[in-house]
Amino acid sequence: MKALVFLFSLAFSSTIHAQSATDVAARSALFRYNAGSPVTIKEVSSEQRGDIAIRDITFSPRPGREVKAYLVVPQGNGPFAGVLWVHWLGEEKSNRTQFLEEAIRLAPKGTVSLLVDAMWSAPEWFGKRIPEKDYENSISQVIELRRALDLLLAQPKIDKSRIGFVGHDYGAIYGMLMAGVDHRINTFVFIAATQSLNDWAFLGPQPKSKTAYLKQNANLELTDYLRQVRNASKFFQFGKGDFYVSQADAAVLFAAASEPKQRKLYEASHKMEANEIAKDRADWLVKQLKLAGDNTQQNYYLRNAWGIRWYWYPT
């Protein structure tokens, strides 16, 4: 009898695991794209700040679609870490400019950054949404972030073993969806994310059928994707005064993430704009991506008689 129970349990367990694997494969299939197709880049302008180049660009994640972005590139021989930054939906800097100064400060430590405009950078995006198109648009947005990652990894002198992601609000949410199906990122900073897209979906235009909406978007539950991120570190930043993200929602997200992980609560609103918050994520990236410490790379050079700089990097 015990043997019979054991065999039944084993069979039941195998069925559950098989179903889980099937679910994972089905979710991954949603975000497939032609990774072999080139990402077309156009440079709009370029600015030099000391040894840091700030390139204003557009790139095409798919034919007929152009995305505005900044590439922030340090001078030197590398190899460099890379960070993909995705902005929030908010009253100000709801576009690629949100993290630009942080990326510039990180560059001398040996980091190439790509900061992209997401779909919510469009004016009045949230209020103009057509809820019945949310599912399709969410899938397209995740694929665009994967193409942005392709672009970042294609930059010269990038160390593909030291790649980070920073996202705030919707930027964090869609970063989680990407993280569950694309495992090229080594560390994540998730800022003020809620535990489900549905938490915010009904704050604006209402779908014709809420039941149909929930059924259609069931494949996009964030915790399902977070559970697939097993070989990357995660830093969650939440505000105690966040109207849009409760501490219960924050706890659900954090519980779904595997180790290594860290969570910190701040005396902050959903904007998460305190200097301490930015400093903590910079310190996290420096540690996780093995960047130069307080002594930045641009301080370590000699200039020869012809004015050429020779760089070396502290270990």
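Below, the figures for the structure above:
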| quantity | calculated |
| --- | --- |
| Most fluctuating residue given options Pro63, Pro156, Pro207, as computed from a GNM of the chain linking Cα atoms under 10 Å | Pro63 |
| Loop chymotrypsin sites (Phe, Trp or Tyr not before Pro), segment 31-78 (other Cβ atoms within 10 Å of the site Cβ: 16 or fewer; DSSP) | Tyr33 |
| Charge sum, other residues only, whose C-beta stays under 12 Å from Asp249's C-beta, Lys/Arg counted +1 and Asp/Glu -1 | -2 |
| Cα gyration tensor of segment 84-180 - equivalent ellipsoid semi-axes, whole Å, descending | 25, 16, 9 |
| Rounded to the nearest 20 debye, dipole of segment 42-294 from Cβ charges on Lys, Arg, Asp, Glu | 620 debye |
| Proximal lysines relative to Lys157, as straight alpha-carbon distance under 24 Å, when same-chain residues fewer than 8 apart are discounted | Lys42, Lys68, Lys109, Lys287, Lys290 |
| Summed side-chain charge close to Phe202 - residues other than Phe202 whose Cβ falls under 14 Å, Lys, Arg +1, Asp, Glu -1 | 0 |
| Ellipsoid semi-axes in whole angstrom, largest first, where each is sqrt(5λ) of the Cα gyration tensor of segment 98-153 | 28, 15, 5 |
| Distance (nanometres) between label positions extended 7 Å along Cα→Cβ at Glu259 and Ser209 | 4.6 nm |
| Charge dipole (the chain, unit charges on Cβ, about Cα centre) - positive-most of Val166, Ala26, Gln262 | Ala26 |
| Antiparallel DSSP beta bridges within the chain, as percent of all bridges there, nearest 5 | 45 percent |
| Choice from His87, His168, His183 with maximal GNM fluctuation in the chain (Cα, 10 Å cutoff) | His183 |
| Residues of type aspartates and glutamates that Lys234 reaches as a straight line, Cα spacing below 19 Å, ignoring anything fewer than 8 places off in the same chain | Glu102, Asp169, Asp182, Glu221, Asp224, Asp249, Glu259, Glu276, Asp280, Asp283 |
| Likely footprinting exposure, Ile104, Ile41, fewest C-beta neighbours within 10 Å first | Ile41, Ile104 |
| Per residue Cα convex hull volume in Å³ - calculated over the chain | 167 Å³ |
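Read-outs: derived from the displayed coordinates by stated rules, not from any lab. For clarity, every value in this text was computed on a predicted model and none was experimentally measured. Note that each Cβ is placed from the backbone with ideal geometry, even for glycine, and that neighbours are counted across all protein chains shown.
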